[in-house]
Amino acid sequence: MNELLSLLEFSVSPLELIVRGSVVYVGIVLLFRFVLRRDLGQLGVADVLFIVLIADAAQNGMAGEYRTLADACVLLGTLAACNLALDWAVYRFAWMQRVFEPPSVELIRDGRILRRNLKREWMTVDELMGKLRQEGIADVADVKVATLERDGKFSVLKDAGRSHPTDPEKCNAGGKHLGAHD
């Protein structure tokens, strides 16, 4: 019975757990923000491995030598509270959003690839073209704006002024306009 009760005692000060958990949480969030950028909404194998290694390395920094369930519960509660507080602060304060969330980045504007932005996101033209093909677009000239959003997703606005082969009103066969009276 004493062994069971010892699991519920603190082996480390709860205040120390809260401070350690908060500092390491914010540090890891900032590390991911600036080091582990987004990969079009997907994590690669190297990214997952990086996250696992960071978690393992941060474990001792967060918890020190905790050994009881009470210590673990305080630490988990601290991490959940930090996550909730950070989400609220990013929503509430614009400057926090600039610090903790990457900005949206235009990759194509008016049918032209913005190579400087592609380079900054470490994205190749082949990767960009693959994303366009997934959106059903074969030609960059058909794109008004393509953006890598804050959440890592890819969004595309087609150029409404360009003629698209799938648009029956703008198609022609052999140079002849196919109208309603032909």
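Just so you know, all these numbers are worked out from the coordinates, no wet-lab data involved. Here the structure is a predicted model, which is why all the values come from computation and not from measurement. All Cβ positions, even for glycine, are placed from backbone atoms using ideal geometry, and neighbour counts span all protein chains on display.
If a/c stays under 1.5 just call it rounded; otherwise compare a/b with b/c (prolate if a/b is bigger, oblate if not). Do that for the range 105-158, with a ≥ b ≥ c from the square roots of the Cα gyration tensor eigenvalues. The shape class here is rounded.
Close amide H partners of residue 150, meaning residues 5 or more places away or on another chain with modelled amide H under 5 Å apart, are 104. Placing a label point 7 Å from the Cα of residue 55 along the Cα-to-Cβ direction, the residues of the range 7-36 whose backbone N falls under 18 Å of that point are 21-22, 24-33, 36.
A Cβ-based charge dipole, computed about the Cα centre of the range 97-152 with Lys and Arg at +1 and Asp and Glu at -1, lands at about 300 debye. Contact order, relative form, for the range 105-158: 41 percent (alpha carbon pairs under 8 Å, 6 or more residues apart, mean separation divided by residue count). Between residue 91 and residue 149, what FRET efficiency comes out of the Förster formula 1/(1 + (r/R0)^6) with R0 = 22 Å and r the beta carbon distance, rounded to 0.05? It comes out at approximately 0.85.
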